[in-house]
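The values are calculated or read from the model by the stated rules, or taken from the named source; none is laboratory data. What you see is a predicted model, and the numbers here were worked out from it, not measured in a lab. Cβ placement follows ideal geometry from the backbone for every residue including glycine, while neighbour counts extend to all protein chains displayed.
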Amino acid sequence: MANFLIKGKALYSSIVYNHMDTIYDSIKKLRDGVIFALLGVPIYLLAVFLLIVGIFMAPTSLNSASLIIGISVLAIAIIAIGLTRLYNGFVGLTPYMNNVGLGKIGTLLLVIPVVNAFATILIGVALYQVGEKFQNGLVKIGGILGAIPLGITTLVGFLLAYEGLGQLLKEFERKSK
């Protein structure tokens, strides 16, 4: 049976044990979603930069326009995959954890630029809850930093959460043997 630390106590939980595959898959989706979203943003910013440079510095040609469109499509696809994985990860954890639904809402709101900062806060809070539930300090700290919508702080927070989610996956694998 799986032995997990939840809220500071060793727990032989039938909920965790019976649904370990769902929880494991959900945490894996969260981890994948975080890294895909983080990779997509700089690629998208590169496309925006190339567009600005193309408009102001040089006459646009068909080749440069094609490059910008190609990079933009790639970035949007990577971000869409990331957001889908992130959303599905939160959906999978919702029956087993409190306040993870905030991550679902935040993920949906991320597609609306006006409320991006608020969406990031919701996702950070939900990641913190995952770290709290499974007593993983990196995910908790990552969630806290991720909830501060100041660019570099969010980036560092989500990178920490990514690493912490990886630790959780290894712990699940080790405990399930």
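To keep it simple, each residue is scored yes or no on (1) at pLDDT 95 or above; (2) closer than 19 Å to Thr94 by Cα; (3) touching a Lys or Arg at 6+ places or on another chain (Cβ under 7 Å); (4) not polar (S, T, N, Q).
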position	(1), (2), (3), (4)
Tyr128	yes, yes, yes, yes
Gly131	yes, yes, yes, yes
Gly137	yes, no, no, yes
Val156	yes, no, no, yes
Leu160	yes, no, no, yes
Glu163	yes, no, no, yes
Lys170	yes, no, no, yes
Lys177	no, no, no, yes
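Being at negative phi and not in a helix (DSSP H, G or I), is that true of even one residue in the stretch 129-143? For the stretch 129-143, residues at negative phi and not in a helix (DSSP H, G or I): present. On the basis of being surrounded by 20 or more Cβ atoms within 10 Å (Cβ to Cβ), at pLDDT below 95 and either among the small types (Gly, Ala, Ser) or not in a helix (DSSP H, G or I) (or both), does Ala80 make the cut? No.
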